[in-house]
Amino acid sequence: MNPWNLYDDLKGETRMRMKKILSALLSALMLAAAIAGCANTETPAGQQSPSPSPDSAPPQSATTPDSPPAEPPESATFIFTDSAGREVELPRNIERIAPSGPLAQIVLFTLCPDKLVGFASDISDDQFEYIDRKYASLPVFGNFYADTLNLESVMVASPQVIIDIGEIKPNIADDMTGIEDRTGIPTIFVHMEMDSMLSAYETLGEVVGEPEQARNIINYISETLSETAQKASAIPASDCVSVYYGQDDGLTAIVSGTVHSDVIDAVGGFNVAEVEESVRGGAATVSMEQLMLWNPDVVLFAPESVYGEVASRAEWAGIGAISAGRFYEVPLGPYNWMGRPPSVNRILGIKWLGNLLYPDIFDYDMAAETREFYKLFYHCDVTDAQIAELLAKSTFK
């Protein structure tokens, strides 16, 4: 099954972690099935509606002299309970949205690009190869968690809501309330990680008024996670491919068990960097000697790292995967397929890495998969040349 020399003695704790990842994916699939069974007339996720009285009369289309005119639909609001447990009053008809950071920017772009009033981070010329340039005129607000969010710019853009998406952080409720208090703009948080993407998209689709696009994305993610769970669970421990994932100088390791290692775990790989984080963002500085001791079957390099130089550097020659040509650069465009930020780009990353590590099991046509993903998530018809460039450094040599 595996074309390389593999670990014969995979640590038990690693298998347990892989089972945990697979269990989380299966839980997400069960949630997707529950969502699919819900009627379209249900209250949107997170929304609280008053229960009607048993003898209440149906709404009337006309008013009486003693009753005030009904509010127009566009001015109607509802109470939304976000993932931080905060109750926030939101417009029912949302047309103007500001993201709080890069992850929210990506997710919201996949759902409702024309409703964004600005970006959290700059879009480079390279990224605009996959993002319509009509969005180039949007302002850049900055990132709340990098302390670069310009609240005055957000207020000038006049969004109806500010949306934060991602991991649940200790002070998330206070953070969201702080933004709301300082801007006067309703601010909500929606939890999204690998195992909660489906429920997050269901919630966001209802909140921003794009349930059909949300449903299309949910179906794609659900199918991908289902296939991944089935395929990865069938890989014996003796056939598990060991992986090292380095960034920057190559010796900044993505640590096992962190959100940036989720893609490796999901496809049944074994991240050898089972060390404590020492660098912000789920990474640790390691030595070349340690990497030689780990002796991974495959080495992955983050985009814009040392990938292009390792084949000619003497110090890397002692790493078996390098000397054998089993090293690759994670695809980038418009975002890193394995994270940075850890958003929906990882869904395509799962298909790519599974196909790379276990081509007989994850037997995808990656050109076709790339074309389908970019159309659905980035609203972009990628060309054959773009696909070739995306995969140029990330397939078998």
Ranked output for segments 260-268, 298-306 by mean other Cβ atoms within 10 Å, highest leading, reads 260-268, 298-306
Reduced to Cα centres, the span from the stretch 230-304 to the stretch 115-190 in Å works out to 31 Å
Semi-axes of the stretch 299-370 from the Cα gyration tensor (sqrt of 5 times each eigenvalue, largest first, whole Å) come to 24, 16, 9
Output row, site Asp249, 7 Å Cα→C-beta label point, backbone N cut-off 11 Å, window the stretch 276-291, residues 285-288
With label points set 7 Å from each Cα along the Cα-to-Cβ direction at Arg280 and Ala234, the distance between them in nm comes to 4.4 nm
Each label sits 7 Å from Cα toward the beta-carbon; between Asn216 and Val140 the label points are separated, in nm, by 2.9 nm
A convex hull over the alpha carbons of the stretch 173-235 yields, per residue, a volume in Å³ of 83 Å³
The ³J(HN,Hα) series, computed from each phi in the stretch 168-173 with the Karplus coefficients 6.51, -1.76 and 1.60 at θ = phi - 60°, rounded to the nearest Hz and given as x for glycine or proline, is 7, 9, x, 10, 4, 4
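Given the stretch 238-391, what percent of its DSSP beta bridges are antiparallel, to the nearest 5?
Numbers: 7 of 16 bridges.
Approximately 45 percent, going by the DSSP bridge assignments.
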With a Förster distance of 30 angstrom and the Cβ-Cβ distance between Asp181 and Asp132, calculated FRET efficiency to the nearest 0.05 equals 0.30
Sorted by chain and number, the residues with a modelled amide H under 5 Å from that of Asp297, at a separation of 5 or more or across chains, are Ser242, Val243
Other residues with Cβ under 12 Å from the Cβ of Ala367 give, with Lys and Arg +1 and Asp and Glu -1, a net charge of -3
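Laboratory data are not the source of any read-out in this text; all were calculated from the coordinates shown. None of the values given here were measured: they were computed from a predicted structure. Backbone-built Cβ (ideal geometry, glycine too); neighbour counts: all protein chains shown.
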